[in-house]
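The values are calculated or read from the model by the stated rules, or taken from the named source; none is laboratory data. All figures in this text were calculated on a predicted structure; none of them were measured in a lab. No Cβ is skipped: glycine too gets one built from the backbone with ideal geometry, and neighbour counts run over all protein chains shown. Just so you know, the surface numbers come from the protein's heavy atoms only, side chains and all, with ligands and any DNA or RNA stripped out. Shrake-Rupley method; radii C 1.70, N 1.55, O 1.52, S 1.80 Å.
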Amino acid sequence: MLPFWLMFLLPAWAVLVPGRLPVRQQAIAWSAVGAVFALMIGLRHEVGGDWGNYLDHFKSVAHMDFAEAMRKGDPGHYLVNWLATRAGGSIYWVNLLYGSVLMWGTVVFCRRQPWPWLALLVAVPYMLIVVGMGYSRQAMALGFALLGLVALGEHRIRTFVIFVAIGALFHKSAVLLLPIAALAASRNRFLTAGMVGITSVLLYYLLLSQDADSMWTNYVEYQMESQGAKIRVLMNAVPAVLMLLFGRRLAANPQERKLWTWMAWLALLCVPLVPLASTAVDRVALYLIPLQLFVFSRLPLLAGNDIRTRTGLVLGVIGYYAAVQFVWLNFATHAQYWLPYQFAPFA
């Protein structure tokens with residue numbers, strides 16, 4: 001359990017210790033922290049609820065030719081596993097790549113926020129520990145989604161679409177982010193909607209068309225349940241409400257504010273849908289986790305120049321996510337699959 005708390009305490013220390021590093025030293029510090037976290041995610045041993053499933057994926061493609069591996073579904077995921085087996089690698093090669101992409105997206109996203117270390121702290125308890133070390137394919141897709149959301153906030157629509165499309169190769173659910181580009185567009189709306197529509201249709205036929213019926217049956221008709229989905233959806237709903245209430249103070253840029261306002265509405269839409277299809281909604285909610293990073297890393301802005309109030313807001317965010325991590329590690333049903341943390345070189 002200690003390694004998980006060290007992951008949390010590192011950004012907490014960076015937030016609480018006064019002083020600002022020069023730009024070059026900041027880049028070095030972020031690169032070092034990103035590398036350490038990527039190594040912890042990638043070189044974990046028997047950590048995560050789906051460890052056995054992903055190990056089976058790796059072993060199964062070792063006996064397949066390229067065409068057979070590509071027919072397995074989530075082609076990016078099976079391609080990486082297939083290449084790793086052909087190169088004589090192990091499951092750790094795959095996990096290290098996935099952890100590196102997740103941390104790449106996380107670092108780029110966090111450094112765009114006014115309180116970047118606070119954003120990283122918010123990411124640790126669930127996005128990095130639970131998703132990063134448990135849901136490998138979604139973690140890879142989420143890493144690309146974070147890069148895409150940064151691009152979309154800067155009105156680089158094509159870059160957003162490309163990153164989301166790459167993420168969808170690792171987990172099909174990432175395609176659900178594409179319509180956000182059309183919703184958030186403030187100029188060239190018809191061109192954006194056309195590009196997003198064409199890309200969505202293409203990805204649907206390439207990735208989803210053969211599995212659409214079975215996914216609907218499993219997630220909706222059979223009422224496949226995801227334990228803790230309601231709590232995770234509500235965790236997105238809290239920053240969603242804050243975004244809708246204080247959006248102008250949290251995001252001065254109109255384009256950026258429009259994007260995250262739509263993300264907030266989508267997060268709230270998930271709440272009443274949980275009883276209908278908890279697993280499906282839970283998968284969608286994974287891609288709305290960046291809303292937590294965006295809003296809570298900007299919450300101190302609400303204090304203006306009042307240092308006491310700003311300090312209180314920062315401590316409140318740290319305390320809230322410390323409580324989230326404590327409760328999950330000690331009381332979550334599936335936390336046993338993450339404990340104890342084992343580092344492959346010493347396992």
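I'd like to verify something in the chain: which complete DSSP H helices, judged by Cα projection on the helix axis, reach 15 Å or more and average at least 0.5 on the Kyte-Doolittle scale?
2-16, 23-42, 91-111, 136-153, 157-168, 189-203, 229-250, 307-331
Per the Kirkwood definition applied to all pairs of different Cα atoms, how many angstroms is the hydrodynamic radius of the chain?
20.8 Å
Just read off the accessible area of His334 with the full protein assembly in place, 1.4 Å probe, to the nearest 10 Å².
90 Å²
Of the candidates Leu177, Leu315, Leu299, which one comes out as most mobile in a Gaussian network treatment of the chain with C-alpha springs shorter than 10 Å?
Leu315
What accessible area per residue, rounded to a whole number of Å², is obtained for the chain using a probe radius of 1.4 Å?
For the chain, the per-residue accessible area is 47 Å².
Using Cα centres only, tell me the gap between the range 262-337 and the range 134-172 in whole Å.
The range 262-337 and the range 134-172 have Cα centres spaced 20 Å from each other.
Taking the range 239-308 on its own, what percent of its Cα-Cα pair distances exceed 15 Å?
Cα-Cα pairs in the range 239-308 separated by more than 15 Å: 54 percent.
Is the range 87-133 best put as rounded, prolate or oblate by its Cα gyration tensor, with a ≥ b ≥ c the root eigenvalues, rounded for a/c under 1.5, and otherwise prolate when a/b is larger than b/c, oblate when not?
Note, shape of the range 87-133 comes out oblate.
Taking the Cα centre of the chain as the origin and placing charges on Cβ (Lys, Arg +1; Asp, Glu -1), which of Leu121, Leu176, Val17 is farthest toward the positive end of the dipole?
The listed residue farthest towards the positive side: Val17.
At Ser90 and Leu339, where each label point lies 7 Å from the Cα along Cα→Cβ, what is the point-to-point distance in nanometres?
2.6 nm
Count of lysine pairs in the chain with Cα atoms under 29 Å apart, counting only pairs 8 or more residues apart in sequence or on different chains?
Summing the qualifying lysine pairs gives 6.
Counting each DSSP H run of 4 or more residues in the chain as -39500 (n - 2.57), what helix-only mean residue ellipticity at 222 nm follows after dividing by all residues, to the nearest 500 deg cm²/dmol?
One gets -21500 deg cm²/dmol as the mean residue ellipticity at 222 nm.
Over the range 231-347, consider all pairs of different Cα atoms and compute the Kirkwood hydrodynamic radius from their mean reciprocal separation; express it in Å, one decimal.
16.0 Å
Put +1 on the Cβ of each Lys and Arg and -1 on the Cβ of each Asp and Glu in the chain; which of Gly73, Val233, Phe58 then has its Cα farthest toward the positive end of the dipole?
Selected residue: Val233.
What translational diffusion coefficient, in µm²/s and rounded to a whole number, does the Stokes-Einstein relation yield for the range 44-131 at 20 °C and a viscosity of 1.002 mPa s, taking the hydrodynamic radius as the Kirkwood radius over Cα pairs?
Rounded, D is 147 µm²/s.
Give me the dipole magnitude in Debye, nearest 20, for the range 1-90 about the Cα centre, with unit charges on the beta carbon: positive for Lys and Arg, negative for Asp and Glu.
Computed charge dipole of the range 1-90: roughly 380 debye.
Scan around Leu178 for amide H atoms under 5 Å from its own, H built in the peptide plane at 1.01 Å from N, and keep only partners 5 or more places away or cross-chain.
Here the answer is none, since no amide H 5 or more places off falls under 5 Å of that of Leu178.
First compute the accessible area of the chain with a 1.4 Å probe, then give the percent of it belonging to carbon and sulfur atoms.
Answer for the chain is 65 percent, counting heavy atoms of protein chains only.
Run the dipole for the chain about the Cα centre, Lys and Arg Cβ at +1, Asp and Glu Cβ at -1, nothing else charged, and hand back the magnitude in debye, nearest 20.
Taking the Cα centre of the chain as origin, the dipole is about 1300 debye.
Calculate the translational D of the range 103-162 in whole µm² s⁻¹ from Stokes-Einstein, where the hydrodynamic radius comes from the Kirkwood formula applied to all Cα pairs, the temperature is 37 °C and the viscosity 0.692 mPa s.
So the translational diffusion coefficient is about 280 µm²/s.
Once label points are set 7 Å from the Cα along Cα→Cβ at both Leu234 and Ala29, what is their separation, rounded to one decimal in nm?
Going from the Leu234 label point to the Ala29 one covers 3.5 nm.
Given the peptides 46-54, 78-86, arrange them by the average over their residues of other C-beta atoms within 10 Å, most packed first.
78-86, 46-54
Once both labels are modelled 7 Å past Cα along the beta-carbon direction, what's the His45-Ile307 spacing in nm?
In this crude label model, His45 to Ile307 measures out at 4.9 nm.
Among Pro300, Thr106, Val130, whose Cα sits farthest toward the positive end of the charge dipole of the chain (+1 at Cβ of Lys/Arg, -1 at Cβ of Asp/Glu, about the Cα centre)?
The residue sitting most towards the positive pole is Pro300.
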